[in-house]
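Below: the structure, in structure tokens.
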Amino acid sequence: MSRNHSDDGFPGVFWSTLSPDKRIPGRLILGGRRPRVTLSSPITPAMEIKSQTQGPNGSTTTALGPPENEPELTLHGEVIGGYARRVTIFECRTVSRRSLGLFSNEIEEQTLEGEWSILGAHEGADFKIESCSFRFPNIDTWTARGSYQLEMAKDGSSGKISYQRPDDLPAEIPNDMGSMAVRTRLLPPHWDLNGTGFTYRTRIIFEQLPAVSISELINKYIAPITHLVTLCSKKDASPNSMEVKSSSGDRWCLVHHAVLKEAKDNGEAPRPLLTLDDVTIEGVAKWITEYQRVSPIPALISNIAAADHPRSVENQVLELAASFEGLHRRLYPENRRMSKSQADKIRRIARDSVPEEFSPLVNDALFHLYDPTYHERIVCLLDEVDSIAPNLVGDREQWIKQVKNARNGFAHQLPNARVGNIEALYVLSQSLTWALKFLLFRLTGMDESILAERIREHRPYEDFLLYARRANPDAWPHSNTA
């Protein structure tokens, strides 16, 4: 079952885990971002008694109204056709009701929408995940696991193509977060009028997870890989297929969740800056543990790098410049200009040196006295970038000046926020994106010499430097060479 199925859905019977004996015919619909079930009769009442009033003649007046707190339901179902017979839809809420008559005893359809569902098992509301498998667009290119061998007869009269499935790439995820592997499966050969060939499918597997919820799985495991691959390839790597193992461990169950995006065929993907061979499976595992420390910066940079219709360049510069400061805070939380006691002493001296009515203002102005300045944070991170891409920012002092002016100007709506023309500002945003990407890649623990080499070989980076010298010559003087 996938989102390509029609909105008519799959017929079946459904019931709540709270009332397993009340089974209702309906349809499972997987055509939207979230799974839906349309039932032929209500599983929860549309109305409840709000009050009852006794009249003088002994009659009772009853006031009805919709329930104030309708519970979220876990629905089980058995459907006809598709990937699996059994289905579980979690965290269901009523989204619509449709009465086929004017009176309460007429048939009423009820449609519920769940947060997510699995196909292949019946699980309870407290279902936890210990194993997961998923794919994302261009995973076969990024992992580069396809390897064909062609053997031709000397006289050219015959040939033979062979493919051997590569071994799994396993790694332990630090901090007792489980294990992961990259696994490739060879499908049966196909043939048509154009010839024959092999098809292989690579998936990333998580196993021995510490019994996580679906949100924990996505936020702690899948999102880090999604954003890492997006940074490597500049292509959205949101998952398009996900499976989890049933609690009994005997079946892989297909997941339907809003995080999954339908795969689009956009032709051959451009060569990524980094592949799995460069980052290594151990680097990916390390990145998963580092991700939470620097989140949400990877998500922000990924969204800007891979957006088909990015936000205005002013917004990009403001977000990227703020991310630069935020990344330094996350990487060096203990970095201080002075000790806290020294800062307290200076604030006390400053407070005592002004009239009493101004003392609170002075104290507030010096509250973060011991923190590094924005300028100091930029310089610290640029020192790290220089070892990887020494020509990235051109004239360092001019670049820092432009970034600070843009960041302060856009944040505080100052009239001098614009840096030259829009092209110069766009170059500034691109340089910030490159710098942040390089700094984040270092968190995988990958060999920096490999990263530096890949950058030198990467044509989009070379094109950026050429464009920067033309569009913003103040920060990238023409004398600079890539």
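The values are calculated or read from the model by the stated rules, or taken from the named source; none is laboratory data. Keep in mind that what you see is a predicted model, and the values were worked out from it rather than measured. So basically every Cβ, Gly included, is an ideal-geometry build from the backbone, and we count neighbours across all protein chains shown. In case anyone asks, the SASA skips ligands and DNA or RNA and just uses the protein heavy atoms, side chains included. Shrake-Rupley method; radii C 1.70, N 1.55, O 1.52, S 1.80 Å.
When Arg34, Arg347, Arg165, Arg203 are compared by accessible surface with a 1.4 Å probe, the order from highest to lowest is Arg165, Arg34, Arg203, Arg347.
Quick check: net charge around Met180, other residues with Cβ under 9 Å of its Cβ, Lys/Arg +1 and Asp/Glu -1? If you can, show how the numbers build up before the last one.
Working: positive: none; negative: Glu172, Glu207.
Neighbourhood net charge equals -2.
Close amide-amide hydrogen proximity is noted between Cys253 and Val244, Lys245, Ser246, each under 5 Å apart and 5 or more residues distant or on a separate chain (H modeled in the peptide plane; Pro and chain starts excluded). Between Arg442 and Ser41, the modelled label-to-label distance comes to 6.7 nm, taking each label 7 Å out from Cα in the direction of the beta carbon.
Could you sort Trp142, Trp252 by accessible area so the largest value comes first, with the probe set to 1.4 Å? Numbers along the way, then the final one.
Numbers: Trp142 10, Trp252 70 Å².
The ranking, largest first, comes out as Trp252, Trp142.
Rounded to 0.05, the FRET efficiency of the Asn391 and Glu314 pair, given R0 = 25 Å and the Cβ-Cβ distance, is 0.45. The heavy atoms of Ser238 present about 20 square angstrom of accessible area, all protein chains included, probe 1.4 Å. For region 86-99, the Karplus equation 6.51 cos²θ - 1.76 cosθ + 1.60, evaluated at θ = phi - 60°, returns couplings of 7, 9, 10, 10, 9, 6, 7, 10, 6, 10, 6, 9, 9, 8 Hz by residue, with Gly and Pro reported as x.
Could you calculate the FRET efficiency of Thr289 with Leu18 from 1/(1 + (r/R0)^6), where r is the beta carbon distance between them and R0 is 35 Å, rounded to 0.05? About 0.35, to the nearest 0.05.
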